[in-house]
Amino acid sequence: MTRREVLLAAAGGVVAIGAGGAWGWRASVGSQEAYRLYQAALRAPLPQDPAAADLIRAATLAANGHNTQPWRFRVGPGTIDILPDMTRATPVVDPDDHHLFVSLGCAAENLARAGTAAGRPGVLETGADGMIRYTFTVGEPRPDALSAAIPARQSCRAVYDGRPVAPDAIEALQRAALGDGVRCVILTERSAMARLGDLVVAGNDAQMGDPAFSSELKHWLRFNPASAMRHGDGLYGAAAGSPVLPDPLGHLAFDLFVTAAGEADKYAAQMRSSAGAAIFFGAAADRASWIAVGRACQRFALTATALGLKLAFVNQPVEVARLRPDLAALAGEPGLRPDAVLRFGYGPARPFSPRRPVGAVLA
């Protein structure tokens, strides 16, 4: 499941144009403290006797493309279904809905992990149409490190510090990604990472040259806390290290300052700073396999979080179809379609992305 942070270089000059005074500025962008409280409520620990809504809240904290949260949840007696929400598809970056179903898999993994941890253990089943059903019972709570990592996991689109990750941690990440026919190739050797960085930049160049891609991306951008909380979705600029701006200035700054060259430089620096990357391959090019990849990506991400690592998707070589063969060859899996790429390493803390309330995602 892909997110793009906004590069707002020189935005300070734009900000100076008609900020409207301190009061007007605060009214238009909202309060960072209000956003912190909003996030704390979303990521609060599960209660001792959780309802289905509590488990769904944990599921919605999963990784997903552009933070569109393309899911609906339907509650039945002892069941929670996860359904695709096609109104939240991103047809330019994800024309076959691949990322959408990977995102559903990420949510399903969170749901099952939270259920087991909170005393609602169960099983996940995936239908051919991409619907996922979690059938659960009441049992003893069994918390573990991965369930504890659910509220803390995030896609950290920052420059990391370049430190290598210990071999035992790499092995733990590799084990986490196994299951349901998913293959995961982890790259740490610097020449391989450099080649991967070139593919990421090539994908970025292709996407940034497409006006439809930029328009779709811009639709999901949230430039300030007020906008992020109002929508409850999308790519929150502060989470990517961008300055807080009123919406009109944010859109103007995006149009003026976000360029293919600037984005390429940013991604190149991020890749150079990363300790490694993981490339995921599903068993087939179908919805059930994409969901399995999403579950594997989420286990990988929760394991990385539990180990104190940061991570972020860099899916450009997956999204630009002509680059997929080169990415598969780099991973030593020629002929397979790659499904996701995650870079990882040690990096800074950033604000969390927004989420919609449970009531807004119920079917």
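Coordinate-derived values only; no laboratory data. Here the structure is a predicted model, which is why all the values come from computation and not from measurement. All Cβ positions, glycine included, derive from the backbone under ideal geometry; neighbour counts span all protein chains shown.
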Task: Least to most buried among 355, 343, 74, 324 (fewest other Cβ within 10 Å first) - done: 74, 324, 355, 343
Task: Mean ellipticity per residue at 222 nm, deg cm²/dmol - from DSSP H runs of n ≥ 4 across the chain, formula -39500 (n - 2.57) - done: -13000 deg cm²/dmol
Open item on the list: For the range 192-239, what does the relative contact order come out to in percent, with C-alpha contacts under 8 Å and a separation of six or more?
Closed with: 25 percent
Task: Fluctuation leader among 199, 104, 252 - the chain, Gaussian network, Cα springs under 10 angstrom - done: 252
Open item on the list: Around residue 32, under 14 Å between beta carbons, what's the net of Lys plus Arg minus Asp minus Glu among the other residues?
Closed with: +3
- [ ] Springs between alpha-carbon atoms under 10 Å, Gaussian network over the chain: tell me which of 298, 32, 48 tops the mean-square fluctuations.
- [x] 48
TODO: For the chain, with a Gaussian network of springs between Cα atoms less than 10 Å apart, report the residue from 114, 58, 192 with the top mean-square fluctuation.
DONE: 192
Open item on the list: Contact order normalised by length for the chain, with contacts defined as Cα pairs under 8 Å and 6 or more residues apart; what percent is it?
Closed with: 27 percent
Task: Whole-Å distance, taken between Cα centres, linking the range 172-221 and the range 274-326 - done: 8 Å
Task: 13 Å beta-carbon shell around residue 205, net charge (K/R +1, D/E -1) - done: -3
- [ ] Provide 56, 186 in ascending order of the number of other Cβ atoms located within 10 Å of each residue's Cβ, fewest first.
- [x] 186, 56
